Amino acid sequence: SGCGKSITWLAALGLLGKRARVRGSVTFGGQNLIDLPEPDMAKVRGGKIAMIFQDPSSSLNPLHRIGWQLNETLKRHRGLTGAAAEAEALRLLDRVGIADARRRLRDYPHELSGGMNQRVMIAMALAGEPDVLVADEPTTALDATIQAQILALIAEIRAQEDMALVLISHD
């Protein structure tokens, strides 16, 4: 606890803010991520390396419906809009085990349980079809049964999508 696991990945992905001083190197795909200009880094984030943050309730925007947030991710990383984006959003929600996905697209984050919000965060991370998935304490604040389900889901997706997984955990 407090040894820098999450901060290391936030630094590698350029998510610490302009005032943070980051030294060293993080090589991915033959490029040093620390030295990448922001437009190039924006292509890496989500598209090549996606991160599932610790707390889905603070990562999802409470002012926007789940569908809007998924569609924005699909538009940014894959250029999908309209019916194609909605179809892919439905597929992603189904993929992460959310029942009645069409209805859930119209829900706000506060209308979903913690486990369902975490599944939405996983779907959003998968939307960019990343090569690497960083899961930062993905089971924080979930009960033991839901924790096991989320970890099994992440392991299954990692194997099926043939992507690398970085699991940040105290356990």
- With an 8 Å cut-off on Cα pairs and a minimum separation of 6 or more residues, tell me the relative contact order of the chain in percent. 26
- Message: Quick check for you: with a 1.4 Å probe and neighbouring chains kept, what is the accessible area per residue of the chain, in Å²?
- Response: 55
- Note on the structure: Ranked by GNM mean-square fluctuation in the chain (Cα springs under 10 Å), the top entry among LYS48, LYS75, LYS18 is LYS18
- Query: Semi-axes of the equivalent ellipsoid of the stretch 1-84: what are they in whole Å, largest first, if each equals the square root of 5 times a C-alpha gyration tensor eigenvalue?
  - Reply: 26, 18, 10
- Query: Nearest 20 debye, what's the magnitude of the dipole of the stretch 23-171 about its Cα centre given +1 on Lys and Arg Cβ and -1 on Asp and Glu Cβ?
  - Reply: 440
- Stick to Cα atoms and the Kirkwood definition of Rh, then tell me Rg/Rh for the stretch 69-129. 0.93
- Task: Please build a GNM for the chain, connecting alpha carbons under 10 Å apart, and tell me which residue among ILE146, ILE66, ILE49 fluctuates the most.
- Result: ILE146
- Please report, for the Cα atoms of the chain, the Rg to one decimal and the Dmax as a whole number; what are they, in angstrom? 15.9, 46
- Highest-MSF residue in the chain out of GLY67, GLY30, GLY79 [GNM, Cα springs under 10 Å]: GLY30
- Dividing the convex hull volume of the Cα atoms of the stretch 105-171 by its residue count, what figure in Å³ per residue is obtained? 90
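The values are calculated or read from the model by the stated rules, or taken from the named source; none is laboratory data. Please read all numbers here as calculations on a predicted model, not as lab measurements. Neighbour counts run over all protein chains shown; Cβ positions are idealised from the backbone, glycine included. For accessibility, only protein heavy atoms count, side chains too; no ligands or nucleic acids. Shrake-Rupley method; radii C 1.70, N 1.55, O 1.52, S 1.80 Å.
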